[in-house]
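Peer 1: Sending over a structure as structure tokens; questions will come in a sec.
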Amino acid sequence: MFNLPPNPRSRRLARLARRLAAYGFSLAFTLSLLPGCQSRVVPVGADGQPASFVLGTLTTDLGPEYDVLTIQAAAEQALLRRGYVITRRTSTQREARLTGEYAGGRDGAACDITVFNLHTGSRVQITVRPLGDLAESQSVMDATLTILGK
């Protein structure tokens with residue numbers, strides 16, 4: 001029988017596939033080690049309501065007794081009391097977004113708050129930029145819930 005020489009193109013493709021797989025596995029492993037990629041549950045508010053912190057965003061759900069616009073007003077007050085300047089505000093009955101930039105001197109520090117309706121109430125999401133600060137997100141959430149009386 002004939003011994004055909006190996007196809008150089010198929011060798012290159014196989015080598016490329018192995019490299020891509022190795023890069024993919026190493027990237028997944030590296031991302032799994034980052035603290036922002038892991039889910040963490042923390043208590044917020046006076047009653048210690050659970051909130052999850054995933055990828056730099058703190059999220060909690062509130063009951064139907066609080067509508068989106070009421071939560072937005074409380075969040076805006078919380079940001080102002082913590083030294084933020086409101087730079088963006090949009091709202092409807094179903095969704096509200098706020099952005100506050102920190103006036104206290106940290107470069108690029110900002111806080112984004114999103115509130116939207118669920119069928120069981122409202123969801124509040126807080127992201128502190130640039131890196132997703134859990135302590136600051138939790139403080140803003142606590143201040144917002146305190147203003148709401150929760």
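Quick note: the coordinates plus some simple rules give every number you see, no bench work behind them. Given the structure is predicted, the values throughout are model-derived calculations rather than measurements. Heads up, the Cβs are rebuilt from the backbone with ideal geometry, glycines too, and the neighbour counts pull from every protein chain shown.
Peer 1: Where does each of I86, I71, I113, I147 land when they are ranked from fewest to most other beta-carbon atoms within 10 angstrom?
Peer 2: On the way: I86 14, I71 23, I113 28, I147 17.
If I rank by nearby Cβ atoms, fewest first, I get I86, I147, I71, I113.
Peer 1: Let a ≥ b ≥ c be the square roots of the eigenvalues of the Cα gyration tensor of the stretch 37-148; is it rounded (a/c under 1.5), or, if not, prolate (a/b larger than b/c) or oblate?
Peer 2: Working: a/c = 1.59, a/b = 1.18, b/c = 1.34.
Cα axes put the stretch 37-148 in the oblate bin.
Peer 1: Mind listing the phi-derived Karplus ³J(HN,Hα) values for the stretch 46-59, rounded to whole Hz, using 6.51, -1.76 and 1.60 with θ = phi - 60°, and x for any glycine or proline?
Peer 2: 5, 8, x, 4, x, 9, 9, 10, 9, 6, x, 10, 9, 10
Peer 1: Here's something else I'd like to know. Sorting D67, D107 on the 10 Å Cβ count, fewest up front, what's the list? Intermediate values should be presented prior to the final figure.
Peer 2: On the way: D67 16, D107 6.
Arranged by neighbour count, lowest to highest, D67, D107 become D107, D67.
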